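Asker: I have a structure here, written as structure tokens, and I will follow up with some questions on it.
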Amino acid sequence: MDSETVDRTFAPAAHEALKAFPIDAEDLTLVSLSENVTFKVADRRDGRAYVLRLHRPGYHTLQELVSERAWIRALAEAGIDVPSAVLARDGQDYVPVTIPATGEQRFAGMASWTEGRLLSDVLAETDNQKRVEESFTQLGAITAAMHNQASAWQPPPGFKRHALDSDGLMGMAPHWGEFWEHRSLSAGERRLLLEMRQRLHDMLGRLSREPHAYSLIHADMHPGNIVVDGDRLTVIDFDDAGYGWHQYDLATALTHWQTKSNAAEIERAFLAGYRANRPVPDEALSLIPQFRLIRWMATIGWFHQRPEVNRPSSVFEERKAWVLEQCEALQRSRL
């Protein structure tokens, strides 16, 4: 779906949703279409910018969306830079809207606009190794701070988010989709992924689910979800946040950079930043390679659930090839 079609399809619902929020809206601009449809909007009274998000139907219930906001507010209270929510005029976090062109129902939510650039874009444009390592050290420190908060936090009554546990990641109905059913896989590749799914499911089932190791996690903690503004890093996009092992967050932050020539230096910098703020035993870190594999297997499921998503085929093929290679290597060893 091109941007003009997206705008024509969703802008009417966005304009309708804006009536429920306490701003005098102008300059509604489409920002992205991914899990959700995201717009940037300005308040003509003072020029302040906001983000309006029409959430993908069927992914989260209203209770789960409100719970996401509750955790984001708690993170802000703990001193972590996150977007500030804007309540509707009736004091609610979200308002229901109907997409006229499709008839589907969505929930609309608003937050302050986070100024700056995505860390992934900043890093892609620099060959300054020191700058790259410093950024990952800072990202590691932020990840540790979030795990510190989540491990000690008592969610309010009614709090509900999905679980990225053994079943949520490697069960027969995983949260991000049945990765072994992707249309590009051969029969042999499907068998390989199913066998590895079971082995990884068993491994996860043996891990501790005590708060020091398993709590709320961002679950998509990579540089593409971090906004840089000077020395400030703001964590955005909590759409996938749920209960899971801390190693999953660590693996996600590192997996997107594992093919870089400086991947080892990046990992050392990230873990140094993390360990300076939160202790983590070597035994837990030894499982990062398995969690990296789990992450990319889950990503194949993400693509399987969303055939309409336009991504360069070379990116998917590279990730799939890496997953199959790792599965074959682990098949010859013991997890």
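The values are calculated or read from the model by the stated rules, or taken from the named source; none is laboratory data. If you're wondering where the values come from, they're calculated on a predicted model, not measured in any experiment. Glycine gets a Cβ as well: all are built from the backbone with ideal geometry, and neighbour counts include every protein chain shown. Heads up: the accessible areas ignore ligands, DNA and RNA and are worked out on the full protein's heavy atoms, side chains in. Shrake-Rupley method; radii C 1.70, N 1.55, O 1.52, S 1.80 Å.
Asker: For region 121-227, max minus min Cα coordinate along each principal axis, in Å, sorted largest first?
Answerer: Between the extreme Cα coordinates on each principal axis of region 121-227 lie 45, 43, 24 Å.
Asker: Then there is this: Quick check for me: using +1 on Lys/Arg Cβ and -1 on Asp/Glu Cβ, what's the dipole size of region 115-178 about its Cα centre, in debye to the nearest 20?
Answerer: Values: 5 positive and 9 negative charges, 57 e Å.
Charge dipole, region 115-178, about its Cα centre: 280 debye, nearest 20.
Asker: Putting +1 on Lys and Arg Cβ atoms and -1 on Asp and Glu Cβ atoms, find which of Leu30, Pro96, Thr61 reaches farthest to the positive end of the dipole of the chain.
Answerer: Thr61
Asker: Can you list, largest first and rounded to whole Å, the semi-axes you get for region 214-335 by taking the square root of 5 times each eigenvalue of its Cα gyration tensor? If you can, show how the numbers build up before the last one.
Answerer: Numbers: eigenvalues 106, 82, 45 Å².
Working from the Cα gyration tensor, I get semi-axes of 23, 20, 15 Å.
Asker: Now for a separate question. Tell me the carbon and sulfur percent of the accessible area for region 95-160, rounded to whole percent, probe radius 1.4 Å. The partial results should precede the final answer.
Answerer: Numbers: 1720 of 3320 Å².
It is 52 percent, rounded to a whole number.
Asker: At a temperature of 20 °C and a viscosity of 1.002 mPa s, determine how fast region 39-149 diffuses translationally according to Stokes-Einstein, using the Kirkwood radius over alpha-carbon pairs as Rh; express D in µm²/s, rounded to the nearest whole number. Before the final figure, lay out the partial values.
Answerer: Details: Rh = 16.6 Å.
Answer, rounded: 129 µm²/s.
Asker: Could you work out how far the C-alpha centroid of region 216-288 sits from that of region 1-80, in angstrom?
Answerer: First find each Cα centre; the distance between them is then 26 Å.
Asker: Please report the carbon-and-sulfur percent of the accessible area for region 165-221; probe 1.4 Å, protein heavy atoms only, DNA, RNA and ligands left out. Numbers along the way, then the final one.
Answerer: Numbers: 1250 of 2500 Å².
The nonpolar share, carbon plus sulfur, comes to 50 percent.
Asker: Once every Cα of the chain carries one equal point scatterer and solvent is ignored, give the base-10 log of I(q)/I(0) from the Debye formula at q = 0.07, 0.15 Å⁻¹, two decimals.
Answerer: With one equal scatterer per Cα and no solvent, log10 I(q)/I(0) is -0.30, -1.42.
Asker: In whole percent, what relative contact order does the chain give with Cα contacts below 8 Å and a gap of six or more residues?
Answerer: 18
Asker: Just going by the charge dipole of region 223-323, with Lys and Arg at +1 and Asp and Glu at -1 on Cβ, which of Gln290, Phe270, Phe303 is farthest out on the positive end?
Answerer: Gln290
Asker: Another question, then. Quick one: angle between helix 288-305 and the longest Cα principal axis of the chain, in degrees between 0 and 90, rounded to 10, please.
Answerer: The helix 288-305 is inclined about 50 degrees to the chain.
Asker: Let me ask something else. Among the lysines, which fall within straight-line cross-link reach of Lys40, defined as a Cα-Cα distance under 17 Å, with same-chain neighbours fewer than 8 residues apart omitted?
Answerer: Of all the lysines, those that pass the test against Lys40 - Cα under 17 Å, at least 8 places apart if same chain - are Lys19.
Asker: Nearest 20 debye, what's the magnitude of the dipole of the chain about its Cα centre given +1 on Lys and Arg Cβ and -1 on Asp and Glu Cβ? Don't skip to the end; give the middle numbers.
Answerer: Numbers: 37 positive and 47 negative charges, 130 e Å.
The calculated dipole for the chain is roughly 620 debye.
Asker: Regarding region 219-286, what are the three Cα extents along the principal axes, ordered largest first, in Å?
Answerer: Its Cα atoms span 32, 31, 24 Å along the three principal axes.
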